[in-house]
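The values are calculated or read from the model by the stated rules, or taken from the named source; none is laboratory data. Treat the numbers as computed from the prediction; the structure is a model and nothing was measured. We place every Cβ from the backbone using ideal geometry, glycine too, and count neighbours over all the protein chains shown. For the accessible areas, the whole protein counts, side chains as well, though only heavy atoms, and no ligand, DNA or RNA atoms are used. Shrake-Rupley method; radii C 1.70, N 1.55, O 1.52, S 1.80 Å.
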Amino acid sequence: MARHSRPAREPFHGTRSDVGAGGTAGGGTPRATLPHRWWVLAVIGLAQLMVVLDATIVNIALPSAQQDLGFSDGNRQWIVTAYALAFGSLLLLGGRIADLVGRKIAFLTGLTGFAVASAIGGAAPGFDVLVLARALQGMFAALLAPAALSLLTTTFTVQKERAKAFGIYGAIAGTGGAVGLLLGGVLTEYLNWRWCLYVNLLFALAAFVGGARLLAAGIPADRPGLDVRGIVLVSSGLFCIVYGFSNAESHPWGSPDTWGFLLAGGVLLAVFAWWLTRAAHPLLPLRVVLDRNRGASYLAMFISGGGMFGVFLFLTYYLQRTLDYSPVSTGLAFIPMVCVMITTSMTTTNVLVPRYGAKPIVPLGMGIAAAAMVWMTSLDATSSYPTHVLPALLVLGLGLGAVFATVMNLATYGVAVRDAGVASAMVSTSQQVGGSIGTALLNTLAAGAAARYLAGRPPTPADVARAQLESYSTAYWWSAGFFVVGLLVTLVMYRRGAPVPQVVEEAAPVRV
């Protein structure tokens, strides 16, 4: 079908909304002029916050859940891994389902399923039910997350408003992990661990009521075909990759349970990439990922996801084990970073990116985040929060704020409406898989550093404490390395200049 242009009297930026997303079909009022679009952003942001914070809120509850349900230390990782496996491996399928059935249906279904799974987990009588509930949460999150981002993409199409909306959304995505630490600490300390799951019912109910009232119904007019073979290949490949790296935390790299799954995952993803060039209706059209700005954004999200999740994990250990912070105090310690991220996200997407583009902004953010990681390597048992931890967190918030909102905006900018769901899913997939790989690698490297420090030394409390500090420092150095790689990759890949306003009625030719 030929690509058409809109009349000059109706300026239009980004992607054209379809009927299912509440836009216009065959002319009419652009989505950007609809009166409730900022309430739609609130609904989408609430759903995204629920998904992101769930990755960390349960970590705070794990010790209490383990004591209550009586499962072993070896089984403890499955509470986290079950969620990561389902979420990471099914995201691309979830994004394509949103394109097929309509984003409102996918969004509300994901919310409902996530709430039901959370209720099952909160009421779990034993370990097996809790693991099943976490897997179900991940499955429905894989439907909800891309539906939410694609709704944002097709709701805000005027560039100035889109920048503001993505600034807010990027801040939520980047800070949700820290909010989860705070909320998990409060709920665990003052109620019990089950409320770390029950609280999702409140988030889901509010988002469901808002979504049911504000989102327009309808199935996209130009629905893509369903690539079953591609679904099997990519879901299996991502499952093996996430499972292999998750296993690296409890099995040596030489174990078949680690390298075997990683090898299988790599082969499956390679076959999937080949299949994309042959499929009539590919699950992930190459036109989505081969655009330079979008490809750079996916890689940036992958790299920064690995560095960020590792930071939250090891800095949480440091605050609680070395500085003796309570769970609530630990969560509160991250709040200043959250505030800086929100402010930076709004400034970069509204002021800097429209003027200079992503090329100077994202690499600079990566460099600032790397500097914050290097700063954290100096933390020791005598460090204080106001003079040592807080400044490093503020610098980190500045760097991550410049990265996340910009990356999420350009990762979906100019994509065809029928591809909005799968393009959005690639953002979440990049962050989730990057986080899983980063966390596993940093855990392994940190454990190795602690073991080397203790080798030949008596395991006195003082030496054990110093070994912990050595492990944290090692993790921070490697995390800094992640961000340096991100700086180089984005500096090379992003195009120069501000994003060019685009009109996409059909899939446009890819400009590489």
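Take the range 384-395 and flag every residue that is assigned to a helix (DSSP H, G or I) and small (Gly, Ala, Ser). Once the filter is applied, which keeps residues that are assigned to a helix (DSSP H, G or I) and small (Gly, Ala, Ser), the range 384-395 yields only Ala392.
State yes or no: is Gly265 open to solvent by less than 10 Å² (accessible area, probe 1.4 Å), under 16 Å from Val234 (Cα atoms) and in a helix (DSSP H, G or I)? Answer is yes for this residue.
Would a scan of the range 431-453 turn up a residue that is outside any helix (DSSP H, G or I) and either open to solvent by less than 10 Å² (accessible area, probe 1.4 Å) or on the phi < 0 side of the Ramachandran plot (or both)? Checked the range 431-453: no residue is outside any helix (DSSP H, G or I) and either open to solvent by less than 10 Å² (accessible area, probe 1.4 Å) or on the phi < 0 side of the Ramachandran plot (or both). Scanning the range 312-332 for residues that are open to solvent by 10 Å² or more (accessible area, probe 1.4 Å), within 30 Å of Asn192 (Cβ to Cβ), at pLDDT below 85 and of a type in the set (Lys, Arg) turns up at least one hit.
Leu398 versus (1) among the hydrophobic types (A, V, I, L, M, F, W, C); (2) assigned to a loop (DSSP other than H, G, I, E, B); (3) open to solvent by 10 Å² or more (accessible area, probe 1.4 Å): which is the lone unmet condition? Unmet for Leu398, out of (1) among the hydrophobic types (A, V, I, L, M, F, W, C); (2) assigned to a loop (DSSP other than H, G, I, E, B); (3) open to solvent by 10 Å² or more (accessible area, probe 1.4 Å): (2). Checked against (1) at pLDDT 85 or above; (2) assigned to a helix (DSSP H, G or I); (3) among the β-branched types (Val, Ile, Thr), Val422 passes all but a single condition, namely (1). For Ala119, state whether it is outside any helix (DSSP H, G or I), modelled with pLDDT of 85 or more and surrounded by fewer than 24 Cβ atoms within 10 Å (Cβ to Cβ). The answer is no for Ala119.
Considering the range 296-311 alone, what residues qualify as being out of contact with any Gly (no Cβ under 8 Å at 6 or more places or on another chain) and open to solvent by less than 10 Å² (accessible area, probe 1.4 Å)?
Across the range 296-311, the qualifying residues are Ala296, Ser297, Val311.
Applying the set (1) over 30 Å from Leu152 (Cα atoms); (2) open to solvent by 30 Å² or more (accessible area, probe 1.4 Å); (3) at pLDDT 80 or above to Pro458 leaves exactly one unmet item: (3).
Kindly indicate which of Ala142, Ala98 is at pLDDT below 90, over 30 Å from Asp68 (Cβ atoms) and crowded, with 24+ Cβ neighbours inside 10 Å.
Working: Ala142 fails: over 30 Å from Asp68 (Cβ atoms).
None of the other options fit; the residue is Ala98.
Looking at the range 411-419, is at least one residue open to solvent by less than 10 Å² (accessible area, probe 1.4 Å), assigned to a helix (DSSP H, G or I) and farther than 18 Å from Ala475 by Cα? Checking the range 411-419: at least one residue is open to solvent by less than 10 Å² (accessible area, probe 1.4 Å), assigned to a helix (DSSP H, G or I) and farther than 18 Å from Ala475 by Cα.
What number of residues within the range 101-112 satisfy the criterion of being open to solvent by less than 10 Å² (accessible area, probe 1.4 Å) and part of a helix (DSSP H, G or I)? Break it down into steps so the answer makes sense when it comes.
Keep residues of the range 101-112 that are open to solvent by less than 10 Å² (accessible area, probe 1.4 Å), which gives 102-103, 106-107, 110-111.
Then drop every residue that is not part of a helix (DSSP H, G or I), which leaves 103, 106-107, 110-111.
Looking only at that region, the number is 5.
Rundown of residues vs (1) modelled with pLDDT of 50 or more; (2) open to solvent by less than 40 Å² (accessible area, probe 1.4 Å); (3) outside any helix (DSSP H, G or I), yes/no style:
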{"residue": "Arg16", "(1), (2), (3)": "no, no, yes"}
{"residue": "Ala25", "(1), (2), (3)": "no, no, yes"}
{"residue": "Gly28", "(1), (2), (3)": "no, no, yes"}
{"residue": "Gln48", "(1), (2), (3)": "yes, yes, no"}
{"residue": "Asp54", "(1), (2), (3)": "yes, yes, no"}
{"residue": "Val58", "(1), (2), (3)": "yes, yes, no"}
{"residue": "Ala65", "(1), (2), (3)": "yes, yes, no"}
{"residue": "Trp78", "(1), (2), (3)": "yes, no, no"}
{"residue": "Ala82", "(1), (2), (3)": "yes, yes, no"}
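Take the conditions (1) open to solvent by 10 Å² or more (accessible area, probe 1.4 Å); (2) among the aliphatic types (A, V, I, L, M); (3) farther than 25 Å from Gly306 by Cα; (4) at pLDDT 75 or above; Leu183 misses just one of them, which is (3).
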